[in-house]
Structure formats: C-alpha cells, structure tokens
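Visitor: Dropping the structure in here first, questions after.
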Amino acid sequence: MKLPLWRLLLGLAVLGSLAAVLLALGPVYVDDFRLKNYTRALANQSGTISDENLHASVSKEARRLELPVKDGDIVVSHPGGKVTIEVKYIVEITFPLYNVDLHFHTTASGK
C-alpha cells in the first residue's frame with residue numbers, strides 16, 4: 001500500500017517540530033542537571049565554607065551555565081545541623097507561537 005504524499009509530508013513536519021522542541025529545551029535541562037550536581041558536591045564539602053561563599057559559588061556556577069538565577073533564588077540553610085542549598089528559578093523559552101516557562105527547583109543537603 002502506497003502512502004499518500006501529504007501524509008508523508010505531515011509526518012515529517014511533526015517529526016521536525018518535535019526535533020526543534022527537543023533542541024530548544026534539551027540544553028536547559030542539561031544545564032540544570034549540571035547545576036544540581038554542582039550544588040550536591042558543594043553541599044557535601046560545605047563543612048568549612050561560609051554561607052556567603054556557598055551562595056556566591058552557586059551564583060557563579062549558574063552564571064557560567066548561563067542560567068537566569070538571581071541572588072534571591074538561592075537559599076542556604078542549616079536544618080538539623082546539615083547544610084541545605086536550595087535553588088529555584090524559571091527559564092523562559094520562546095517559540096514562534098508559544099512561550100514556555102520551565103520551573104526548576106534544586107535542593108542539595110550535605111554534612
């Protein structure tokens with residue numbers, strides 16, 4: 001059975017659209033994963049680092065990854081004597097017909 005040309009073109013258009021969305025969203029998720037790993041490592045070695053330095057280190061890493069993390073998005077706390085680093089931020093992705101706000105929340109606890 002032969003596939004009509006319009007179905008083939010429509011299928012290719014759908015696959016192309018999905019690939020474009022993946023290419024737009026993928027790097028943001030990869031950068032969030034990298035920030036998560038960084039905050040976990042930082043929280044685990046945080047015994048001798050001040051809260052201000054932890055905050056500055058996370059902020060610097062977020063800038064390096066080009067993530068829109070503001071100073072108020074980073075919270076360093078000590079519940080139960082453990083260091084907890086919490087980062088909440090929003091990345092806006094603009095598509096031709098739609099805007100997507102991706103909300104990220106990273107929490108890392110250490111010693």
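The values are calculated or read from the model by the stated rules, or taken from the named source; none is laboratory data. Keep in mind the model is a prediction, meaning the values are calculated, not measured. Methodologically, a virtual Cβ is constructed for each residue, glycine included, from the backbone with ideal geometry; neighbour enumeration extends over all protein chains shown.
Visitor: How many residues does the stretch 95-111 contain that are in a strand (DSSP E or B) and either within 25 Å of Thr48 (Cβ to Cβ) or modelled with pLDDT under 90 (or both)?
Guide: Quick first cut of the stretch 95-111, residues in a strand (DSSP E or B) only: 99-109.
Applying the additional criterion that residues be either within 25 Å of Thr48 (Cβ to Cβ) or modelled with pLDDT under 90 (or both) yields 106-109.
Qualifying residue count for the region: 4.
Results for (1) in contact (Cβ under 8 Å) with a residue 24 or more places away in the chain; (2) touching a Gly at 6+ places or on another chain (Cβ under 9 Å); (3) of a type in the set (Gly, Ala, Ser), shown as yes or no for each residue.
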residue	(1), (2), (3)
Met1	no, no, no
Arg7	no, no, no
Leu15	no, no, no
Asn44	yes, yes, no
Glu61	yes, no, no
Ile74	no, no, no
Gly81	no, no, yes
Ile90	no, no, no
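Visitor: When you look at Lys36, is it under 13 Å from Tyr89 (Cβ atoms) and of a type in the set (Lys, Arg), yes or no?
Guide: Numbers: under 13 Å from Tyr89 (Cβ atoms): yes; of a type in the set (Lys, Arg): yes.
Yes, satisfied.
Visitor: Could we say that Val28 is within 18 Å of Ile90 (Cβ to Cβ) and either polar (S, T, N, Q) or buried (at least 17 other Cβ atoms within 10 Å of the Cβ) (or both) here? Please lay out each step first, then the result.
Guide: On the way: within 18 Å of Ile90 (Cβ to Cβ): yes; either polar (S, T, N, Q) or buried (at least 17 other Cβ atoms within 10 Å of the Cβ) (or both): yes.
It is true that Val28 is within 18 Å of Ile90 (Cβ to Cβ) and either polar (S, T, N, Q) or buried (at least 17 other Cβ atoms within 10 Å of the Cβ) (or both).
Visitor: So Leu12 fits all but one of (1) part of a helix (DSSP H, G or I); (2) surrounded by 11 or more Cβ atoms within 10 Å (Cβ to Cβ); what number is the exception?
Guide: Among (1) part of a helix (DSSP H, G or I); (2) surrounded by 11 or more Cβ atoms within 10 Å (Cβ to Cβ), Leu12 violates only (2).
Visitor: For the stretch 67-104, which residues satisfy the criterion of being closer than 18 Å to Leu25 by Cβ and exposed (fewer than 11 other Cβ atoms within 10 Å of the Cβ)?
Guide: Matches in the stretch 67-104: Glu92, Thr94, Pro96, Leu97, Tyr98, Asn99, Asp101, His103.
Visitor: Just checking, how many residues over the stretch 39-77 are of a type in the set (Ser, Thr, Tyr), assigned to a helix (DSSP H, G or I) and more than 18 Å from Val91 (Cβ to Cβ)? Please lay out each step first, then the result.
Guide: Step one: of the stretch 39-77, the residues of a type in the set (Ser, Thr, Tyr) are 39, 46, 48, 50, 57, 59, 77.
Narrowing the set further to residues that are assigned to a helix (DSSP H, G or I) leaves 39, 46, 48, 57, 59.
Then keep just the ones that are more than 18 Å from Val91 (Cβ to Cβ); that gives 46, 48, 57.
Number satisfying all stated conditions: 3.
Visitor: Could you tell me whether any residue of the stretch 32-46 is in contact with a strand residue (DSSP E or B) (Cβ under 7 Å, 6 or more places away or on another chain), surrounded by 12 or more Cβ atoms within 10 Å (Cβ to Cβ) and within 25 Å of Tyr98 (Cα to Cα)?
Guide: Scanning the stretch 32-46, I find at least one residue that is in contact with a strand residue (DSSP E or B) (Cβ under 7 Å, 6 or more places away or on another chain), surrounded by 12 or more Cβ atoms within 10 Å (Cβ to Cβ) and within 25 Å of Tyr98 (Cα to Cα), so the answer is yes.
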